[in-house]
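The values are calculated or read from the model by the stated rules, or taken from the named source; none is laboratory data. Please read all numbers here as calculations on a predicted model, not as lab measurements. Heavy atoms of the whole protein, side chains included, go into the accessibility calculation; ligands, DNA and RNA do not. Shrake-Rupley method; radii C 1.70, N 1.55, O 1.52, S 1.80 Å.
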Amino acid sequence: MPCRSLVGVTVLVLLLAFATALAHRGATGIIKQRMDAMMSLGGAMKALTAMMSGKQPYDAERVKAYAGTIAGHGGESLTSLFPEGSLKHPSRANPAIWTDWGRFSALAQELAVYAGALASAASNQRASIAVSGGKGPGTRRRDTRPEDLATVAPNTVFMLLRRTCSNCHRTYRTKK
């Protein structure tokens with residue numbers, strides 16, 4: 001089984017490298033840095049999604065590592081990659097980022113907080129709720145303090161992390 005996981009991760013890395021090369025054609029400077037960071041975040045989210053949905057075996061240490069990658073790209077690390085007006089092709093950044101900087105910054109911080117909480121919760125027992133759900137324990141707003149999230153099921157924290165990514169992309173990334 002570990003060999004299958006290694007093969008799966010290797011294939012994922014190769015596919016991401018190929019996709020990165022295509023998606024980043026022509027990108028330079030801060031836009032390329034931003035796109036590279038987003039590819040790293042996307043790779044970590046895909047790997048976590050595979051584990052949380054049962055398509056890959058759950059491995060708490062890998063969850064911690066992927067969550068650490070995401071946390072490292074959140075907060076100020078993320079917002080620093082969006083200097084005002086950095087919209088040059090092939091960027092998919094939406095100008096709403098700069099007209100609604102407060103909300104964008106809050107989502108970037110939320111990303112770091114939820115990823116850190118996921119790393120802390122990785123060894124906890126997983127909940128029997130579906131990843132696509134959102135009605136299980138720990139998903140109500142009053143339960144989302146980092147210290148509370150570290151005590152809930154990791155797949156519950158993952159849903160909050162995924163929701164943050166979706167909210168940001170829906171509002172601040174232009175569609176192809």
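Here are the numbers for the structure shown:
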item: Extension gain (nm, one decimal) between residue 98 and residue 61, 0.36 nm per residue minus Cα-Cα; result: 9.7 nm
item: Solvent-accessible ranking of 55, 88, largest area first, probe 1.4 Å; result: 55, 88
item: Lysines whose Cα lies under 19 Å from that of residue 55, excluding same-chain neighbours fewer than 8 positions away; result: 46, 64
item: Heavy-atom accessible area ranking, 1.4 Å probe, most first, across 84, 61; result: 84, 61
item: Percent carbon-and-sulfur accessible area, segment 35-87, ignoring ligands, DNA and RNA, probe 1.4 Å; result: 55
